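First comes the structure, then the notes that go with it.
The values are calculated or read from the model by the stated rules, or taken from the named source; none is laboratory data. Given the structure is predicted, the values throughout are model-derived calculations rather than measurements. Positions of Cβ are backbone-derived with ideal geometry, glycine not excepted, and every protein chain shown enters the neighbour counts.
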Amino acid sequence: MADRRRTPGSQTSLREANRARIVDAVKKHGGLTQVELAGATGLSPATVSNIVKELSGSGVLHTAPSTRSGRRAMHVTLAHKLGLVAGVHFATRHMRIALADVAGTVVAENHMPLAKDHRADNELDRVMMLLADMLDSVDASMSELLGLGIALPAPFDRRNGVIARRGIMRGWDNVVVADVMERRLGRPVFVDNAANLTALAELRLGAARGRDDVIVLEIDDGIGAGVILGGRLLRGHSGLAGEFGHTVVVEDGPVCRCGNRGCLEAVAGGPAILDSLSDARGINKLGDVIVAAMDGDPACIRAIADAGRMIGLATANVCNLLDPERIVVAGELSRAGELLLGPLRHAVERSVVVGRDAWPDIVQGQLGIRAATLGAVANAVDLIPLHPELETA
Ligand SMILES: [Zn+2]
């Protein structure tokens, strides 16, 4: 980020821009050697070495000798002591919260169930209490918290900071969550859609790491997707890219919670899977369906396979549009493993236009139920100003 108050191209603005490039690269990769930093930023090894030395001196970066492939190198990360960042994931029925340092090491974690129709004001109060407890548990104070990331399970409009469609989370309608929480916390707060943040976490730490073009599907009660193109998360014009669950797959299908009819989520999301099973089975949670299916229950296996086929059909359409190299399947239903992935993969391969040699590989996510929380932390670290001198742009 160049300082707009200075003449573009001046020595000072160039140096500041180079420092920001290095900090951004370290944030993005979570730590890398000086040689890798030169490759990632396009700066010369001598410039990288000088700037790393300066930023280590001012406490922004931390360097430690390492040996990789038998060669000695200097490994560069953000300095842990810069402060702490929190991430919260509000799912439909539970909340998960993590406290991490800026280098991404989680130091405390907690989770709790949520009432069916949870409301923003109550839940944001609970986050404040949980955060205070968690900071206490690691002997830290609120003053050491640099900011908070929040993941919401709904399409989120980044232009006005509210959930894009009324009625999906009634208790959160018209609430500008970041503003409300910033007033309570006195720290910057960054909100995004949970599927986007799951994709960001899988990109940085999980099954999409090192890949450029990946679709991350999040399949729970709702269905969402995060789209990574050219190594970056695609957000779209209003931040609503990846509303995969609301693509229409059955023109006159059941009414979806978004108000449309025949959305993928309405025919293959958690409630649709439960509805397809007889009440007499006593199964009332998605987790129970997965356990029964893994135990060999034919009806539950079939219900998951049917959802997998529907999701695969919709995924094939996205593949034809975007040509990803990999599909990562995350969210609670991904715990079913090949019971879901097999039928999903088969449906993709049947309908995708590219030849067999270019089929995307379809794999399970690596971060499990923590993905969106870790993504909320990573998003906050990306967006929080970490060094006043660097953030004067
Ligand atoms: Zn819908």
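I'm trying to understand the selection: among the residues of the range 266-287, which are under 23 Å from the mean Cα position of the chain (by Cα) and away from the ligand (no atom under 16 Å from the Cβ)?
Leu286, Gly287
Does the range 332-354 contain any residue that is in contact with a Cys (Cβ under 6 Å, 6 or more places away or on another chain) and either surrounded by 15 or more Cβ atoms within 10 Å (Cβ to Cβ) or under 30 Å from Leu61 (Cβ atoms) (or both)?
Yes, the range 332-354 contains a residue that is in contact with a Cys (Cβ under 6 Å, 6 or more places away or on another chain) and either surrounded by 15 or more Cβ atoms within 10 Å (Cβ to Cβ) or under 30 Å from Leu61 (Cβ atoms) (or both).
Per-residue answers, yes or no, for (1) out of contact with any Leu (no Cβ under 8 Å at 6 or more places or on another chain); (2) exposed (fewer than 15 other Cβ atoms within 10 Å of the Cβ):
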site	(1), (2)
Gly70	yes, yes
Val85	no, no
Leu114	yes, no
Ala120	yes, no
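Within the range 48-62, track down each residue that is surrounded by 15 or more Cβ atoms within 10 Å (Cβ to Cβ) and touching a residue at least 24 places away in the same chain (Cβ under 8 Å).
Matches in the range 48-62: Val48, Ile51, Val52, Leu55, Val60, Leu61, His62.
Select from the range 218-250 the residues that are aliphatic (A, V, I, L, M), surrounded by fewer than 21 Cβ atoms within 10 Å (Cβ to Cβ) and within 16 Å of the ligand (Cβ to nearest atom) and list them in ascending order.
Result: Leu240, Ala241, Val248, Val249, Val250.
Just to confirm my filter: which helices (runs of 4 or more DSSP H) fall fully inside the range 212-317 and include at least 2 residues that are touching a residue at least 40 places away in the same chain (Cβ under 8 Å) and in contact with a strand residue (DSSP E or B) (Cβ under 9 Å, 6 or more places away or on another chain)?
Details: elements: 264-268, 270-275, 286-294.
Because the criterion is at least 2 residues that are touching a residue at least 40 places away in the same chain (Cβ under 8 Å) and in contact with a strand residue (DSSP E or B) (Cβ under 9 Å, 6 or more places away or on another chain), the helices (runs of 4 or more DSSP H) in the range 212-317 that meet it are 264-268.
I'd like to verify a number: residues in the range 318-343 that are modelled with pLDDT under 95, among the aliphatic types (A, V, I, L, M) and outside any helix (DSSP H, G or I), how many?
Looking only at that region, the number is 0.
Any idea which of (1) hydrophobic (A, V, I, L, M, F, W, C); (2) closer than 26 Å to Val106 by Cα; (3) within 16 Å of the ligand (Cβ to nearest atom) is the one Ile215 doesn't satisfy?
Just one mismatch for Ile215, condition (3).
Could you check Arg204 against (1) in a helix (DSSP H, G or I); (2) surrounded by 24 or more Cβ atoms within 10 Å (Cβ to Cβ) and say which number it fails?
Condition not satisfied by Arg204: (2).
Of all residues in the range 120-164, which are touching a residue at least 60 places away in the same chain (Cβ under 8 Å), under 29 Å from Ile219 (Cα atoms) and not in a loop (DSSP other than H, G, I, E, B)?
Those that are touching a residue at least 60 places away in the same chain (Cβ under 8 Å), under 29 Å from Ile219 (Cα atoms) and not in a loop (DSSP other than H, G, I, E, B): Ala120, Leu124, Gly147, Leu148, Gly149, Ile150, Ala151, Leu152, Phe156, Asp157.
Restricting attention to the range 141-160, which residues are under 21 Å from Glu243 (Cα atoms) and at pLDDT 90 or above?
Passing the criteria: Gly149, Ile150, Ala151, Leu152.
Quick test for you: out of Arg335, Arg257, Arg309, pick the one residue that is assigned by TED's automatic domain parsing to the domain that holds Asp221, within 16 Å of the ligand (Cβ to nearest atom) and either within 23 Å of the chain's Cα centre (by Cα) or not polar (S, T, N, Q) (or both).
Numbers: Arg335 fails: within 16 Å of the ligand (Cβ to nearest atom); Arg309 fails: within 16 Å of the ligand (Cβ to nearest atom).
Of the residues listed, the single one that is assigned by TED's automatic domain parsing to the domain that holds Asp221, within 16 Å of the ligand (Cβ to nearest atom) and either within 23 Å of the chain's Cα centre (by Cα) or not polar (S, T, N, Q) (or both) is Arg257.
Would you pick out the residues in the range 56-75 that are among the β-branched types (Val, Ile, Thr) and under 11 Å from Val26 (Cβ atoms)? Full working, then the answer.
From the range 56-75, those among the β-branched types (Val, Ile, Thr) are 60, 63, 67; that's our starting set.
Answer for the range 56-75, where residues must be among the β-branched types (Val, Ile, Thr) and under 11 Å from Val26 (Cβ atoms): Val60, Thr63.
Listed residues Ile327, Ile290, Ile304; which is in the same structural domain as Asp220 (by TED's automatic domain parsing) and under 16 Å from the mean Cα position of the chain (by Cα)?
It is Ile327.
Kindly indicate whether Cys263 is in contact with a His (Cβ under 6 Å, 6 or more places away or on another chain), among the hydrophobic types (A, V, I, L, M, F, W, C) and within 16 Å of the ligand (Cβ to nearest atom).
Values: in contact with a His (Cβ under 6 Å, 6 or more places away or on another chain): yes; among the hydrophobic types (A, V, I, L, M, F, W, C): yes; within 16 Å of the ligand (Cβ to nearest atom): yes.
The answer is yes for Cys263.
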